[in-house]
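Let me begin by presenting the structure, written as structure tokens, before commenting on it.
Where a number appears in this text, it was derived from the coordinates with a stated rule and is not lab data. All of these numbers come straight from a predicted model, not from anything done at the bench. When we count neighbours, we look across all protein chains shown, and the Cβ atoms used for this are built from the backbone with ideal geometry, even at glycine.
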Amino acid sequence: MEDYKSLYLATTESHCGKSLVSLGIMDILLRRTQRVGVFRPIIKCHGPDRTDKNLELLLKYFHLPWQYEETYAWRQIDALDLLAQGQHDELINGVIAKYKTLENKSDFVLIIGSDLSADTAALDFDINVELAQSLGSPVLLLASGAKESMDEIISPILMAIESFKRKGNQLVGTIVNRADPEKLDAIRAGLKEALPAEAAVLAVIPANKKLASPSVREVVEHLGAEVLYGEDLLEYRVEEYMVIAMQMDHYLELLRHRALLITPGDRGDVILSALQAHVSDNYPQLAGLLLTTKVRPAATVQRLLEGLPSTLPIIAVDEETFPTAAKVRGVRSYITVDRQDKIARSLRIFHKYVDVETLIKRYADIKPRGIPPRMFLFNIMQQARSDRKRIVLPESDDERILRAAQSLIEQDVVDIILLGDEKKVRYLIAKLGLNIPEERAPVVNPAASSDFEDYARTYYQLRKHKGLTPEQAADIMMDVSYFGTMMVYKGHADGMVSGAAHTTAHTLRPAFEFIKTKPGFKIVSSVFFMALEDRVLVYGDCAVVPKPTAEQLAEIAIASAETAQMFGIEPVVAMLSYSTGESGHGEEVERVRKATELAQARRPDLLIEGPMQYDAAVDPGVAQKKMPGSKVAGRATVLIFPDLNTGNNTYKAVQRETGAIAIGPVLQGLRKPVNDLSRGCTVDDVINTVAITAVQAQHA
């Protein structure tokens, strides 16, 4: 299994039989690689030990090297509490953080989606869809075939397919479990006709009575029952439940194999006759006796039982007979590591009914579309945190800037320098109820700074050839954009972010004047990270260079590819135009064609092709028709627009029409990082831009 390194097993409803399928998939994986991780984003703990039975089973049976705490992110109760408090992002980020830790130690990770319990099924399903997308994992759907009609089987599968596709998830296929053994062919035929190709049925697995039958111990745990006799016989399997209200000579004729008999505690005749029937060659073997009501067997009966060899488990509850009978039918059987017979049976069934080679081929045929947006943002924060930098924020009188500063410091992403009058800034911080410690975010007043004269003198030396006087240099250095940029130039800050209350020109002019371009680059350009539903693309240049020459366009392409690499996006560069390949001619197309040739010659290690149209660059189907055999078309991650007019309008159109998050502009080509904010930016925009600037500073 290549390219992707994980598989998300998602159920379409409750009780689909995850244990059997996860056992089978883990068995396949371990035949191909040894470092296989298992991960559940959200667990619902079961039993007195409060552990997840799926995780316990896989960890112990396959002797996986992971600690239990490494294999899940949240308990369901904690996840629901986070959602109730509106902390959705914290929930998702917590999952990503735990998953990434395990992924870094593994060659492959099997992700098992959260349980769809009756009371939270809709919520669980929506979370599964979002988590699969956020983790960037292909999805294998697991559905239940335990239904009366084909419509009842197909409907939840189609709903799941639509939900996962809408979120941009890629599907491997569908497995239907617990189907009626007599309807397998009919179910396969119905699914083949109803399901789309990308979610085609990979297996229909029949229900197995021996796997579905709970043990008496599981009945005890479910009911909270008291064990009266046969403590060592609780692993007896229960295949039937029978309420006994008749006399002995009538009910004995109705006894069924491995039945758990439910009867009031004062029915000594039923208890004793059942024990005799169980050891008789003329009657079927039973699973046990479940006594109801608060009444227990009479003392004489108890004395008799205590003198007999233990042949049947006898358990008791205080509830009445018929409520108990209703409740006991909700007992679910689990495949646990101590039930080697069930594990062996599960693996045999999986390999008999699942076409393993087709499953592997379907998985291998799915190609990554790029890094998911939430994973991208998570990675940025992790990168920034790994080597903490100092970022200067000149606009400390803006509430958004201060709220972002607090969040960044709390997350330990960066250190902050705020510019402004310290008393006024500290007053505003207190007024907003924020906690921004001075040691992590000192406030520097340019006019009162001990560095002011040095900064003004340095600026004068850098710009005196333009006719600048020392007095003018001092006046200009009072401007927070110039003072902040000079901090970066001098190494007193590692980067600057501004623009929430200033124009782009005001923010960037100082950087153009004296930060200047890094070696090998002649221009400063920009990219936007476009966080689409299912992946992040890089758009360049959409903010700085109005009409680049072929040489400048080539430089923008190379700079954008390097920026993509810096942030974990594999650069596959498409040089965009209004025609694809050799189909068009004219000055505009020729400029893009020449730029492509220049970029390819300068960086032969990069995948760069053009000219091509946007649809050919990102749509595999269109690419196959317009540029068959291309290594870029259909899978581009970096899109280079021919001019600012095209790029700026395109990014805004995509942002508005698709709901994509546009992160940027991120400047590239400068020796040290300075980035501009939109005046309509949100707190999250500030946080993301500061983190991006910190990562750029690590590479400066």
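Per-structure values
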| read-out | value |
| --- | --- |
| Centre separation in Å (Cα based) which lies between the stretch 318-388 and the stretch 121-175 | 13 |
| Positive-end residue, the chain charge dipole about Cα centroid, Cβ charges, pick of Pro437, Ala79, Ile476 | Ile476 |
| Principal axis dimensions, the stretch 520-669 - Cα atoms, whole angstrom, descending | 36, 33, 28 |
| Highest average packing first - 76-82, 263-269, Cβ atoms within 10 Å | 263-269, 76-82 |
| Share antiparallel - DSSP beta bridges, the chain, percent rounded to 5 | 25 |
| Taking the chain and dividing mean pair separation by its residue count, relative contact order in percent (alpha carbons under 8 Å, at least six apart) | 11 |
| Within-11-Å neighbourhood charge of Thr504 [Cβ basis; K, R +1; D, E -1] | +1 |
| The stretch 133-210: GluC sites (Glu not before Pro) in DSSP loop, at most 12 other beta carbons within 10 Å | Glu148 |
| About the Cα centre, charge dipole magnitude for the chain (Lys/Arg +1, Asp/Glu -1 at Cβ), debye | 1500 |
| Above-threshold pairs, the threshold being 30 Å between Cα atoms, out of Lys367/Lys518; Lys18/Lys367; Lys183/Lys367; Lys18/Lys105 | Lys367/Lys518; Lys183/Lys367 |
| Average projection area in nm² (convex hull over Cα atoms of the chain, one quarter of hull surface) | 38.3 |
| Spatially near lysine pairs across the stretch 528-654, Cα under 24 Å, sequence gap of 8 or more or different chains | 5 |
| 11 Å beta-carbon shell around Val666, net charge (K/R +1, D/E -1) | -2 |
| Pairs beyond 23 Å (Cα-Cα), from Lys5/Lys167; Lys165/Lys352; Lys209/Lys294; Lys294/Lys327 | Lys165/Lys352; Lys209/Lys294 |
| Residues Glu130, Glu551, Glu231, sorted so that the one with the fewest Cβ neighbours within 10 Å comes first | Glu231, Glu551, Glu130 |
| For the stretch 610-672 versus the stretch 15-82, the gap between their alpha-carbon centres in whole angstrom | 40 |
| Computed helical MRE - 222 nm, the chain, DSSP H runs ≥ 4 contributing -39500 (n - 2.57), nearest 500 | -13500 deg cm²/dmol |
| Whole-Å distance, taken between Cα centres, linking the stretch 233-301 and the stretch 530-550 | 75 |
| Over the stretch 216-328, relative contact order from alpha-carbon pairs under 8 Å, at least 6 apart, % | 34 |
| Cβ-placed point charges (K, R +1; D, E -1), dipole of the stretch 241-325 about Cα centre in debye, nearest 20 | 160 |
| Candidate lysines - alpha carbon under 19 Å from Lys431, same-chain residues fewer than 8 apart omitted | Lys423 |
| Debye-sum result for the stretch 384-471 in log10 I(q)/I(0), which assumes one identical scatterer on each alpha carbon, at q = 0.26 Å⁻¹ | -1.22 |
